[in-house]
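The values are calculated or read from the model by the stated rules, or taken from the named source; none is laboratory data. All figures in this text were calculated on a predicted structure; none of them were measured in a lab. Cβ placement follows ideal geometry from the backbone for every residue including glycine, while neighbour counts extend to all protein chains displayed.
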Amino acid sequence: MPTSHWIYDYLDRLETRGLLPRLLGDTRPMTRLAIARELLPLLSRKEELSRAEREQIEFLENELREEFEQLGMEITGQSTGWTRLTRHKWVDPWAPDLLYANGRNMLDFSLDLPGESTPPLRIWVDPVVSFDGLAANADTLSATEHVNHLERGIALRGTLGKHIGFYSDARDNQEWGTRQYPGIVNFTREGLGFVRGSGSGKRMDYDETVTGVVFTRNWLTLQVGKDRNSWGPGYAGQLMISDHPTSYDQIKMEVAASHLRFTMLWAVLQHYNSDFFIGNHQEKYLAAHRIEFSPWPFLDFGLHEMILYGGRSFEPSYLNPLNFFRSAEHYLGDRDNAAMGLDLQLKLLPKTKLYVELLLDDITSSKIGTGFYGNKYAVLVGGHHVDLFGLDGFDLRGEYTRIRPYTYTHDGVTNFQHYSTNLGHRLGPNSEDLFIQLEYRYSRPLLFRAVWEHTRHGANPAGINMGGNLYRSHYYLTDPEYVDFLAGDLQKANSLLFLTNYEFIRNGSVQLYFQHSDAEWAGVEGQKFPGGRSEMGIGLSLNE
């Protein structure tokens, strides 16, 4: 299941309610089978769920039908809006019988393999289509801004026998409107990889394919493919490995037990620079491992470590899943970039979960609290409370994130970067953020959400490096040795978002939102430059 799927919010909510006390679900993505295994005990305890939660698990019974059957639970296929549509008297005469035959997927078919005892090859295919548009007014705009985004593609998944699964989700995107896009042909954008411009500066095109082959047997899962990852309990962002960047090629191994989950990751990343698309192409490599452990139902503990290295692809020290990467880096001459992180979740209060995440990029213990530039770390603290004021489906979540100057930066190719996007938290170095969200799920199809966010960032003044830029590491000859948090040109922003989402047919949704933001930028001489922006948008999606 992709890291963006709503099922992770659902699992998180069930964990906060105490219905899944040992979820160990902060290493994402999870396989469909692993998710079905977590939900299996609740299929016989639906009376403990609220109306919306029952509707969601009944949806997932159908969505994960084959996985539940693999776990020994017989699931009857359910009628859906697609079943009724394709069997309508005006549509049925010309619609092929294969179209939504299972009520769930556009196409569902099996292919026999040689040998009577060989299980069949099964394939499910769905279209992916979405369109969203926005209109915005801002102090910096002379006229209303209009932006349109169209996405279409094909999502395919399948199984080969009992232990091998595969998936491919290929999408093509266009964005156009009144914005001025780069006139060059090839470039990149935040959260994206390769982007192609029209040359006129009026449009950009990009594609994205997420794909992989997964082998699962008992406690072992092996995956080879191109995908995103998200490690840690953070909701509005994760400190070390987030799903904010575009997907990347990877090999992953996972070992799962009742109270423990261990993951080993090796990946190939693209190091973007200003000459990337004109010949100066560089690759780097990521090795990381993470363990989640739940000694008691009220406590989850996570520990992870990563290394970024370049100049060679094969490094035995970093392919050893039990090796301590920081020590291995020292053994190899201290030429790479290592980081460590840990997180805790506490579920001591009813319907409440508290969590904290810490990232240690670099640290000198004797200089903690002095503003030393080499103390590069980040902290995230959050809480989640469900059924606020006793109202089913009404949830409150809050997070505070603080990232020290120069965090994520490193000399050369080994900084925390894939294309032009931070591998970790979207804020970047020398930043803090307060995030508060109220969410009300009236039913499975209908969701309301309100978000308030306050952000502060210490940007680098012209010609001065204060540790506020992901792409500028510390240079000992010119940059200050001690830097205060949020030093530089202070940028403040407040944002208020109201959103509603309604699923009018299975996996087909309409979304409406309104967002107002105000910002203030203070220069080194005390000048203040305020600004505001109001934005309205609508989105239509199928299998997004």
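When residues in the range 285-327 are screened for being in a strand (DSSP E or B) and of a type in the set (D, E, K, R), 4 of them pass. Of the residues making up the range 25-39, just one is touching a residue at least 60 places away in the same chain (Cβ under 8 Å), closer than 13 Å to ARG65 by Cα and basic (Lys, Arg), namely ARG32.
Can you name the residue in the range 362-381 that is in contact (Cβ under 8 Å) with a residue 12 or more places away in the chain, of a type in the set (Ser, Thr, Tyr) and more than 22 Å from TRP231 (Cα to Cα) and, of all such residues, is surrounded by the fewest Cβ atoms within 10 Å (Cβ to Cβ)?
Once the filter is applied, the top-ranked residue is THR370.
Would you please name the residue that is nearest to GLN515 (Cα to Cα), looking only at residues in the range 453-489 that are in a strand (DSSP E or B) and among the hydroxyl-bearing types (Ser, Thr, Tyr)? Before the answer, list the steps.
First, pick out the residues of the range 453-489 that are in a strand (DSSP E or B): 453-459, 482, 489.
Going one step further and asking which of them are among the hydroxyl-bearing types (Ser, Thr, Tyr), we end up with 455, 482.
Details: THR455: 15, TYR482: 38 Å.
By that ranking, first place goes to THR455.
Can you find a residue in the range 96-105 that is touching a strand residue (DSSP E or B) at 6+ places or on another chain (Cβ under 8 Å), in a strand (DSSP E or B) and surrounded by fewer than 17 Cβ atoms within 10 Å (Cβ to Cβ)? Scanning the range 96-105, I find no residue that is touching a strand residue (DSSP E or B) at 6+ places or on another chain (Cβ under 8 Å), in a strand (DSSP E or B) and surrounded by fewer than 17 Cβ atoms within 10 Å (Cβ to Cβ), so the answer is no.
The numbered conditions (1) at pLDDT 95 or above; (2) aliphatic (A, V, I, L, M); (3) surrounded by 15 or more Cβ atoms within 10 Å (Cβ to Cβ) are all true for VAL510 except (3).
Of all the residues in the range 190-215, those that are basic (Lys, Arg) and part of a loop (DSSP other than H, G, I, E, B) number 1.
Examine the range 243-266 for a residue that is closer than 30 Å to ASN186 by Cβ and among the basic types (Lys, Arg), and state whether such a residue exists.
Filtering the range 243-266 down to residues closer than 30 Å to ASN186 by Cβ leaves 243-252, 265-266.
Filter again for among the basic types (Lys, Arg), leaving 252.
Yes, the conditions are met somewhere in the range 243-266.
Return a yes/no flag: does the range 216-232 have any residue that is under 18 Å from the mean Cα position of the chain (by Cα), under 17 Å from GLN417 (Cα atoms) and part of a loop (DSSP other than H, G, I, E, B). Scanning the range 216-232 turns up at least one residue that is under 18 Å from the mean Cα position of the chain (by Cα), under 17 Å from GLN417 (Cα atoms) and part of a loop (DSSP other than H, G, I, E, B).
Scanning the range 86-145 for residues that are in contact with a Phe, Trp or Tyr (Cβ under 8 Å, 6 or more places away or on another chain) and of a type in the set (Ser, Thr, Tyr) gives THR86, TYR100. In the set GLU53, GLU47, GLU69, GLU63, only one residue is touching a helix residue (DSSP H, G or I) at 6+ places or on another chain (Cβ under 8 Å) and either closer than 22 Å to PHE504 by Cα or among the acidic types (Asp, Glu) (or both); that residue is GLU53.
State the number of residues belonging to the range 414-452 that are assigned to a strand (DSSP E or B) and surrounded by fewer than 18 Cβ atoms within 10 Å (Cβ to Cβ). Working first, answer last.
In the first step, residues of the range 414-452 are kept if they are assigned to a strand (DSSP E or B); the result is 417-419, 421-422, 431-441, 446-452.
From what is left, the residues that are surrounded by fewer than 18 Cβ atoms within 10 Å (Cβ to Cβ) are 434, 436, 438, 440, 446, 448-450, 452.
Selection size over the range 414-452: 9.
Screening GLY463 on (1) of a type in the set (Gly, Ala, Ser); (2) out of contact with any Asp or Glu (no Cβ under 9 Å at 6 or more places or on another chain); (3) surrounded by 18 or more Cβ atoms within 10 Å (Cβ to Cβ); (4) more than 27 Å from LEU141 (Cα to Cα) shows it passes everything except condition (3). Can you run down the residue pairs with Cβ atoms below 6 Å, 6 or more apart or on separate chains, where the first is in the range 277-297 and in contact (Cβ under 8 Å) with a residue 40 or more places away in the chain and the partner is small (Gly, Ala, Ser)? Pairs found: LYS284/GLY310; LEU286/ALA267; GLU292/GLY302. In the set TYR318, TYR355, only one residue is surrounded by 14 or more Cβ atoms within 10 Å (Cβ to Cβ), modelled with pLDDT of 90 or more and closer than 29 Å to VAL214 by Cα; that residue is TYR318.
Scan GLY532, GLY488, GLY539 and give me the residue that is in contact with a strand residue (DSSP E or B) (Cβ under 6 Å, 6 or more places away or on another chain), modelled with pLDDT of 90 or more, surrounded by 18 or more Cβ atoms within 10 Å (Cβ to Cβ) and over 30 Å from GLU208 (Cα atoms).
Working: GLY532 fails: surrounded by 18 or more Cβ atoms within 10 Å (Cβ to Cβ); GLY539 fails: over 30 Å from GLU208 (Cα atoms).
Selected residue: GLY488, the only one of GLY532, GLY488, GLY539 that is in contact with a strand residue (DSSP E or B) (Cβ under 6 Å, 6 or more places away or on another chain), modelled with pLDDT of 90 or more, surrounded by 18 or more Cβ atoms within 10 Å (Cβ to Cβ) and over 30 Å from GLU208 (Cα atoms).
Do we find a residue being in a strand (DSSP E or B) and more than 22 Å from GLY302 (Cα to Cα) anywhere in the range 362-373? Yes, the range 362-373 has at least one match.
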